[in-house]
Amino acid sequence: MISVIIVGSGNVAQNLFHALQQTIGVNIKQVLGRNKTHLQFVKNDKLVNTDFTKIPTADIYILAISDDATEIVAEHFKNKEGLVVHTSGATPVEVLSSLKRPGIFYPLQTFTKGKIVSFNNIPICIEANDDKDVKLLYKLGNTLSKTVVEIDSDQRKTLHVAAVFVNNFTNYLYTLGAEICEEHQIDFNLLKPLITETAAKLEDLSPLQAQTGPAKRGDQKTLHNHLQILKDKHQRELYTLLSNAIKEKHGKEL
C-alpha cells in the first residue's frame with residue numbers, strides 16, 4: 001500500500017484526489033491546503049489539513065500546486081523522508097533540490113475546474129534521482145494509467161511546449177471559430193463532429209498526413225474569399241499567418 005499526501009486544492013489536486021481515492025493499493029492520508037474552503041471537494045474532514053506544521057509521514061507527497069508556489073511550499077518538506085514530487089510540466093526538478101528525495105509526477109492532460117477526468121488514458125511522466133524512487137513512481141502511476149514514462153526535465157519542458165500548441169492554441173482557435181459563428185448567427189455545435197474527426201484521424205495518421213484544407217491544396221481563390229468574410233483584423237492576420245505556414249510546410253508556392 002502506497003501512502004500519499006496531496007498538497008493543493010486546484011484542478012490537478014482535485015482530479016488526483018478523486019482518482020487515487022478509488023485506486024486499489026493507494027492510501028490517501030491527507031489533503032493539505034492553506035484554505036479549508038478550497039478543500040471542500042474532500043468530503044472526509046479527517047483527511048483535510050490546513051496546518052503545514054503538522055504533516056504526517058507518507059511514502060509520497062504530491063505537490064499539485066502552481067509553478068510559482070512550488071519552491072516555497074517545498075520548504076515545508078525539507079525534513080521529510082518520503083518522496084516529494086511536483087506535477088508541473090514546465091518546472092524543472094531542480095526547484096526541489098533542497099529536499100532529500102525530489103521527483104516529478106506529471107499527468108499530461110488539461111484539467112478544467114469542475115470537470116473530473118479519467119486517468120486511464122492520461123500519460124504520466126515521471127522523474128527521480130534514485131532508481132528505487134523511479135520504481136515507486138512507476139508503481140503509483142500504474143495504479144492510475146496505462147501509460148507511465150520516465151523522461152528528464154528538459155524533455156518534459158519540451159513536451160509541455162508541444163502540449164501548448166496542440167491544446168491551448170487549438171482551443172483558442174475554437175474560440176475564434178465560435179466567435180465567427182456567433183457573428184453570423186450560426187450554431188457552433190455544427191462544427192463539433194469536425195473537431196472530433198480531426199482528432200480521431202491522428203490515431204491512424206501523422207498530423208502532417210492528416211492536414212487538409214485550402215492552404216494545403218493551394219486553393220488561392222478560397223483563401224481570398226475567406227479573408228473577405230473575416231472583418232476582424234486579428235482574425236484576418238491569424239488566418240493569413242497560419243495559411244502561409246501550412247503552404248510552406250506542404251511546399252505550395254502561391
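I'm trying to understand the selection: among the residues of the stretch 49-68, which are open to solvent by 30 Å² or more (accessible area, probe 1.4 Å) and not polar (S, T, N, Q)? Residues satisfying the conditions are D51, K54, P56, D59, I65, D67, D68. Only one entry in A64, A90, A58 is touching a His at 6+ places or on another chain (Cβ under 9 Å) and modelled with pLDDT of 95 or more, namely A64.
Assess whether V4 counts as being more than 20 Å from the chain's Cα centre (by Cα), in contact (Cβ under 8 Å) with a residue 40 or more places away in the chain and open to solvent by less than 70 Å² (accessible area, probe 1.4 Å).
Yes, satisfied.
I24 meets all of the listed conditions (1) part of a loop (DSSP other than H, G, I, E, B); (2) open to solvent by 70 Å² or more (accessible area, probe 1.4 Å); (3) free of Cβ contacts under 8 Å to residues at least 60 places away in the same chain but one, namely (3). Taken together, the criteria exclude K43 from residues that are in a loop (DSSP other than H, G, I, E, B), touching an Asp or Glu at 6+ places or on another chain (Cβ under 7 Å) and open to solvent by 40 Å² or more (accessible area, probe 1.4 Å).
When the stretch 101-137 is limited to residues that are open to solvent by 70 Å² or more (accessible area, probe 1.4 Å) and part of a helix (DSSP H, G or I), the one that is farthest from Q40 (Cα to Cα) turns out to be D131.
Remark: pairs (first residue in the stretch 67-80, free of Cβ contacts under 8 Å to residues at least 60 places away in the same chain; second residue surrounded by 14 or more Cβ atoms within 10 Å (Cβ to Cβ) and assigned to a helix (DSSP H, G or I); Cβ separation under 8 Å; 6+ apart in sequence or on different chains) = T70/V95; T70/L96; E71/V95; E71/L96; A74/V95; A74/L96.
The values are calculated or read from the model by the stated rules, or taken from the named source; none is laboratory data. Treat the numbers as computed from the prediction; the structure is a model and nothing was measured. Please note: Cβ atoms are built from the backbone with ideal geometry, for glycine as well, and neighbour counts cover all protein chains shown. The protein model used for the area step is the full one, side chains on, heavy atoms only, and it has no ligands, DNA or RNA in it. Shrake-Rupley method; radii C 1.70, N 1.55, O 1.52, S 1.80 Å.
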